[in-house]
Amino acid sequence: MKTRAILIIAALFLFLAPNSHAFVNPDEQLSDPALEARARDISKDIRCPVCESQSIDESNADVARDLRILIRERLTEGDSDEEIIEYLRIRYGDVVLMNPPLNKTTSLLWLGPFLILILGGIGTFLFIRKAQA
């Protein structure tokens with residue numbers, strides 16, 4: 001029984017632990033630690049165009065690798081973090097951002113879950129009301 005509890009706790013820790021595994025290859029990394037840290041911060045905020053549920057920092061897709069390299073190239077050229085993010089947003093659209101801004105093209109993305117919740121609540125209310133009648 002004690003072993004079973006330990007296994008369950010260990011599984012919970014593994015399941016709830018943050019995903020710290022990144023797919024940045026050693027040949028992609030910059031020699032300057034400050035620039036590398038900036039590249040990693042930017043990569044965590046950019047969505048992989050192929051995976052769409054992972055950032056390019058977490059993805060091992062070829063396009064994610066290409067974007068990680070592009071970010072590092074632009075950093076070494078002297079671009080700011082905002083310039084790099086804006087370049088990627090213009091090139092790929094708001095979908096490339098892990099937290100896209102609220103605008104008319106992304107409003108359904110932001111408001112959709114609330115609309116579904118409201119419609120589900122109304123449907124449940126009407127169903128219960130009809131069942132009681």
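Readers should treat all values here as calculations from the given coordinates under stated rules, not as data from a laboratory. Just so it is clear, the model here is predicted, and its values are computed rather than measured. Quick reminder, even Gly has a Cβ in these numbers, built from the backbone with ideal geometry, and neighbours come from all protein chains shown.
A few points about this structure:
- Axial C-alpha extent at least 24 Å, average Kyte-Doolittle at least 0.0 - helices from the chain (DSSP): 107-132
- The trypsin sites (Lys or Arg not before Pro) of region 31-133 meeting both criteria, a DSSP state outside H, G, I, E and B (loop) and at most 16 other C-beta atoms within 10 angstrom of the site's C-beta, are 104.
- Inter-centroid distance (Cα atoms) of region 100-132 relative to region 24-39, Å: 43 Å
- Taking every alpha-carbon pair within the chain, the share separated by more than 19 Å comes to 64 percent.
- Eligible aspartates and glutamates near residue 130 by straight Cα distance, threshold 12 Å, same-chain separation 8 or greater: none
- Here the spin labels are modelled as points 7 Å beyond Cα on the Cα-Cβ line, and at residue 127 and residue 92 they lie 3.9 nm apart.
- A full extension of the chain between residue 118 and residue 106 corresponds to an added length of 2.4 nm, given 0.36 nm per residue minus the alpha carbon distance.
- Lys/Arg +1, Asp/Glu -1 at C-beta; region 24-133 dipole; positive extreme among 67, 128, 112: 128
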